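One structure below.
The values are calculated or read from the model by the stated rules, or taken from the named source; none is laboratory data. Everything numeric in this text was worked out from a predicted model, so none of it was measured. Cβ placement follows ideal geometry from the backbone for every residue including glycine, while neighbour counts extend to all protein chains displayed. To get the accessible areas, we keep the full protein, side chains included, count just its heavy atoms, and leave off ligands, DNA and RNA. Shrake-Rupley method; radii C 1.70, N 1.55, O 1.52, S 1.80 Å.
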Amino acid sequence: MDKFLIVGLGNVGDEYDLTRHNTGFMVLDAFAKASNIHFEDRRYGYVAETSVRGRKVFLLKPSTYMNLSGNAVRYWLNKENIDQQRLLVVSDDVALPLGDFRLKASGSNGGHNGLGHIQQLIGQQYARLRMGVGNDYPRGSQIDWVLGRYSDEELRLLQPSLDLGVEIIRSFVLSGIDVTMNQYNKLGKGRNKQQKHDDDE
């Protein structure tokens, strides 16, 4: 059976719930809810398992804290003998506006600590879904921004993108990264503007 590892990046603990840096966790939570599965506390993280049309899918929320995420990713890839081509990592990204997203087949870590540590341990050749959290903060305040909680309004704007994240994971498992990028990246730009336009009408 083909196996896939879907990793959402974040920090464990109630104080980090609904913070921008935990957007990766939020996408996986949405997928788990849609799939009616639950996370269990396992080695290096919280893990949920399901299958999508005969393909085994492991969801992983590392419990290592963000800057050591690579330990969890490497462990579960090795434990379940999952090909790195079947790894998708979901992270927050301050370079993208809130609600926008971007899928990439590989690439640099973009200054993200979690992606940086994964890259140190397994290289750059893995797919990632970057979820925009905006960057409306004064210079030097990036850490406060990403560790800050979403407002109710921001969560409302983000929700459609979380729902699309669920679709993207399914597409990645069923169709691979190239097809999924072609299908979804065009939907990932300017989402907030569109949402506001829809609300105003």
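Of all the numbered requirements in (1) in a helix (DSSP H, G or I); (2) open to solvent by 60 Å² or more (accessible area, probe 1.4 Å); (3) of a type in the set (D, E, K, R), residue 154 misses one, and that requirement is (2).
Scanning segment 1-26 for residues that are within 15 Å of residue 87 (Cβ to Cβ) and of a type in the set (A, V, I, L, M, F, W, C) returns 4, 5, 6, 7, 9. When segment 1-52 is filtered for residues that are part of a helix (DSSP H, G or I) and either aromatic (Phe, Trp, Tyr) or more than 16 Å from the chain's Cα centre (by Cα) (or both), the ones remaining, listed by number, are 14, 15, 16, 25, 31, 35.
Scanning segment 99-117 for residues that are closer than 15 Å to residue 71 by Cα and without any contact (Cβ under 8 Å) to a residue 60 or more places away in the chain yields 113, 116, 117. Can you tell me which residue in segment 110-123 is least open to solvent (accessible area, probe 1.4 Å), limited to those that are more than 15 Å from residue 24 (Cα to Cα) and in a loop (DSSP other than H, G, I, E, B)? Checked segment 110-123; the qualifying residue least open to solvent (accessible area, probe 1.4 Å) is 123.
Working carefully through the options 61, 56, 79, find the one that is closer than 20 Å to residue 127 by Cβ, among the basic types (Lys, Arg) and touching a helix residue (DSSP H, G or I) at 6+ places or on another chain (Cβ under 7 Å). Can you show your working first?
On the way: 56 fails: touching a helix residue (DSSP H, G or I) at 6+ places or on another chain (Cβ under 7 Å); 79 fails: touching a helix residue (DSSP H, G or I) at 6+ places or on another chain (Cβ under 7 Å).
On inspection, the qualifying residue turns out to be 61.
Among the residues in segment 72-87, are any acidic (Asp, Glu) and either closer than 26 Å to residue 43 by Cβ or assigned to a helix (DSSP H, G or I) (or both)? Yes, segment 72-87 has at least one match. Has segment 124-147 got any residue that is without any contact (Cβ under 8 Å) to a residue 12 or more places away in the chain and either assigned to a helix (DSSP H, G or I) or of a type in the set (A, V, I, L, M, F, W, C) (or both)? Yes; the residues of segment 124-147 include at least one that is without any contact (Cβ under 8 Å) to a residue 12 or more places away in the chain and either assigned to a helix (DSSP H, G or I) or of a type in the set (A, V, I, L, M, F, W, C) (or both). Taken across segment 90-99, residues that are in contact with a strand residue (DSSP E or B) (Cβ under 8 Å, 6 or more places away or on another chain), under 22 Å from residue 178 (Cβ atoms) and either of a type in the set (Lys, Arg) or surrounded by fewer than 17 Cβ atoms within 10 Å (Cβ to Cβ) (or both) do not occur at all.
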